[in-house]
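Quick notes on the structure that follows.
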Amino acid sequence: VDAFQAWCGPCKTVVDLFRKIRNEVGSDLLHFAVAEVDSIDALEKYRGKCKPVFLFYAGGELVAVVKGANAPLLQKTILEQL
């Protein structure tokens with residue numbers, strides 16, 4: 001989940017990375033979403049940050065967090081969680 005605030009929008013720089021990984025691993029294993037933290041109380045702790053935050057969930061549980069648009073770290077985290 002790309003957790004963003006309305007004033008800065010979702011991180012567009014990693015969309016291509018997400019698409020590439022999803023094409024490689026298959027669409028059944030990996031799902032991407034965006035969430036505006038200003039409108040979701042459960043994501044309140046991510047408000048007021050100027051860098052993107054990526055939340056990784058498995059089985060409904062938060063399993064990893066990557067702060068910043070660090071493409072190598074995002075790719076590593078995605079593949080590790082799969």
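The values are calculated or read from the model by the stated rules, or taken from the named source; none is laboratory data. The structure displayed is predicted, hence computed values, not measured ones. With ideal geometry, Cβ positions are generated from the backbone for all residues, glycine too; neighbour counts draw on all protein chains shown. Please note that ligands, DNA and RNA were not included when accessible areas were found on the heavy atoms of the full protein model with its side chains. Shrake-Rupley method; radii C 1.70, N 1.55, O 1.52, S 1.80 Å.
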### Task
Compute the acute angle (0 to 90°) between the alpha-carbon long axis of helix 71-81 and the principal axis of greatest extent of the alpha-carbon atoms of the chain; round to the nearest 10°.
70
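How high is the relative contact order of region 33-78? Use alpha-carbon pairs under 8 Å, at least six apart in sequence, and give a whole percent.
Values: 38 pairs, mean separation 11.1, N = 46.
Relative contact order comes out at 24 percent.
If each residue of separation counts as 0.36 nm, what is the full-extension length gain between K76 and D38 once their alpha-carbon separation is subtracted? Intermediate values should be presented prior to the final figure.
Numbers: separation 38, 0.36 × 38 = 13.68 nm, distance 2.81 nm.
Between K76 and D38, full extension yields 10.9 nm more.
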#### Entry: DSSP beta bridge pairing in region 2-81, given as percent antiparallel to the nearest 5
75
### Query
Using the heavy atoms of the protein chains alone and a 1.4 angstrom probe, what is the accessible area of the chain per residue in square angstrom?
65
### Summary
Shape descriptors of region 2-81 over alpha-carbon atoms, Rg and Dmax in angstrom, are 12.4, 34
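Calculate the FRET efficiency for H31 and W7 from the Cβ-Cβ distance with a Förster distance of 41 Å, rounded to the nearest 0.05.
It comes out at approximately 0.95.
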### Task
Divide by every residue of the chain the summed helix terms, -39500 (n - 2.57) for each DSSP H run of at least 4, and state the resulting mean residue ellipticity at 222 nm, rounded to the nearest 500 deg cm²/dmol.
-8000 deg cm²/dmol
### Most mobile of V34, V53, V25 in a GNM of the chain (Cα contacts under 10 Å)
V25
